[in-house]
1. Exactly one of (1) part of a loop (DSSP other than H, G, I, E, B); (2) modelled with pLDDT of 90 or more; (3) under 30 Å from residue 176 (Cα atoms) is unmet by residue 96. Its number?
2. Picking from 86, 10, which residue would you name as being under 22 Å from the mean Cα position of the chain (by Cα), outside the structural domain of residue 137 (by TED's automatic domain parsing) and more than 30 Å from residue 177 (Cβ to Cβ)?
3. For the stretch 42-56, what are the residues that are surrounded by fewer than 20 Cβ atoms within 10 Å (Cβ to Cβ) and not in a helix (DSSP H, G or I)?
4. Among (1) within 27 Å of residue 131 (Cα to Cα); (2) under 18 Å from the mean Cα position of the chain (by Cα), which single condition is residue 37 missing?
5. Taking strands (runs of 3 or more DSSP E) that do not extend beyond the stretch 100-199, which have at least 1 residues that are in contact with a helix residue (DSSP H, G or I) (Cβ under 9 Å, 6 or more places away or on another chain) and at pLDDT below 95?
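The values are calculated or read from the model by the stated rules, or taken from the named source; none is laboratory data. All figures in this text were calculated on a predicted structure; none of them were measured in a lab. For neighbour counting, all protein chains shown are included, and Cβ atoms are generated from backbone atoms with ideal geometry for every residue, glycine included.
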């Protein structure tokens, strides 16, 4: 999996006053957990722009006052009105221990159902997985070219070596719904299945 470097500095104080001061200076309070550590630090909001505002998944090389930690971004809090980042939690990872991450889904091909007038519906653009760092892919690619009207691809149908899928097996990732103009023979018997999958 690709990695991205983020530089930060240790926070000497962690109270509300210190937190508000940091945010006024465009600094984001952060915490690093795991491996027996709990480190409070801060990063400039520009330092995480390419990590947060992207469709890609990354392993994070956190450089805090010169010391590097390998981590995964676990939780991010946004201001409800301004959408500014308020806080980020990172989890320190080890090469020999599984990590949980959200991996982007990439769809390949044009479904036969779409060519016959159906409508492609993408339900999930990320899949939650558990795997060792060395086994984490940059993306999970799904070939949807054989997807007919009324057909779906579910989590249970996605199998990758050394990767555990954590979303519910019945969750639909992508489907082709019946749409106006679809061929009559495709609509019969399969249209109901497509509608049921949307409920």
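1. Among (1) part of a loop (DSSP other than H, G, I, E, B); (2) modelled with pLDDT of 90 or more; (3) under 30 Å from residue 176 (Cα atoms), residue 96 violates only (3).
2. Values: 10 fails: under 22 Å from the mean Cα position of the chain (by Cα).
When all the criteria are applied, what remains is 86.
3. Answer for the stretch 42-56, where residues must be surrounded by fewer than 20 Cβ atoms within 10 Å (Cβ to Cβ) and not in a helix (DSSP H, G or I): 44, 53, 54, 55, 56.
4. With (1) within 27 Å of residue 131 (Cα to Cα); (2) under 18 Å from the mean Cα position of the chain (by Cα) applied to residue 37, the lone miss is (2).
5. Those strands (runs of 3 or more DSSP E) span 119-122, 172-177.
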